[in-house]
Amino acid sequence: MRHCFSVLDMISYTENNFKSFLHYDRMIEDMYFDTHAHYDDKAFDEDRDSLIAALPGEGISLVLNASSDLESSVQSVALAEKYPFIYAAVGIHPHEASTMNDEVLAEIRALAAKNKVVAIGEIGLDYYYDHSPREVQRETFRLQMALAQELSLPVIVHNRDAHEDSMEMVRAFPGIKGVFHCYSGSVEMARELIKLGWHLSFAGPVTFKNARKAPEVVASMPEDRLMIETDCPYLSPVPLRGRRNDSRNIKHIAARIAEIRGTTAEHIAEVTMQNGKRFFGID
Ligand SMILES: [Zn+2]
Ligand SMILES: [Zn+2]
C-alpha cells in the first residue's frame, strides 16, 4: 500500500523544523558546563549575584563550584541551593591542609550529604606554593580520598609540582573516580590516569602561548575523558590574561581545545557537557 502523507509525517516535519530552529539557536550560543569555578571567592563580593544570574543567558548552563576550606564548602553548598544550575564540591584544598582535623572532616562529611553536592574537592597536593607542610598535605589528601570512597563520590584533584606523590595517592585508591583539574602533568602521566579510569580537565593555561605539555595531552587523549573549566576568578585565558576570570570565558578554552583537536568549539561544548554530567552524576 502506498504510504500516504499522515499525521505522523506532519509531526516529524514539524519536529525537524523545530530541531533546525534549535540548531540555529545553538549556533548563536553553545551551552557550556564550567566544571570548576570559585564563586564563593571574595573577588566576586561586589557583583556575585548579578554575574551568576546572567550566566545561563551567556551560554553557561551548568557550573560546579569547587571549595577550598570549610567556610568555602558551606558557601558552595549555599550557592548550589540558591541557583538551579550550580552544583557543589566540598573539601579542603592543599593550601589549607593544615586546617584539617576530626571536627572539620566530620563537617565536610555532613556537607557532602547535602542535595547537589556531587564531589569531594578540591583536594590534592601543591608543592609549588607549599602553604601547608607536605606531610600534612598528603595526610589531608588521604583522609578526603578515604571519605570520597566511603561516600561513593568522585574527587576533584589539584596537583601542582607534585606529580609523583599525586599518582601514588591515585594508585592507593583504585576504586575512586576522579578528575585532575587544570591538568599540568606529562603525556605519560595522562596515559596512566586514563587507563585508571580518570578524567582530565583543562583551564586557561591551555590557551597560553608558552603552553607545551597541555596541548600535547589535549591532542592525544580520548574525547570521553575530557572536561573544561575556568577555575575562576583565577587563570583567565588568552586574550583576557590578568583580568578577573568568570565562566563566560570558557568559550576561549573550548575554542583553543577545538583548534588543537581539529574540531569545532560546538563539538567540544557538547562532549564536555556530556562528560561532565556523566562524571558528576547530573541528569
Ligand atoms: Zn586547583
Ligand atoms: Zn580551583
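Nothing in this text is a laboratory measurement; each read-out follows from the coordinates by a stated rule. Everything quoted here is computed from the prediction, not taken from an experiment. Using ideal geometry, Cβ is built from the backbone for each residue, glycine included, and neighbour counts are taken over all protein chains shown.
Axis angle, to the nearest 10 degrees, between helix 102-112 and the longest C-alpha principal axis of the chain: 10 degrees.
The charge dipole of the chain, taken about its Cα centre with unit charges on the Cβ of Lys, Arg, Asp and Glu (plus for the first two, minus for the last two), comes to roughly 860 debye. The Rg/Rh ratio for segment 182-266 is 0.95, where Rg is the radius of gyration of the alpha carbons and Rh is the Kirkwood radius. With contributions of -39500 (n - 2.57) from each DSSP H run of at least four residues, the per-residue ellipticity at 222 nm computed over the chain stands at -14000 deg cm²/dmol. Secondary structure note: in the chain, about 0% of the DSSP beta bridges are antiparallel. Overall shape of the chain was characterised from the C-alpha gyration tensor. The equivalent ellipsoid obtained from it has semi-axes of 34, 21, 20 Å, in decreasing order. Between Ala172 and Asn101, the simple spin-label model (points 7 angstrom out along Cα→Cβ) gives 2.3 nm.
Label-to-label distance, Asp224 versus Ala146, with points set 7 angstrom from Cα along the beta-carbon direction: 3.4 nm.
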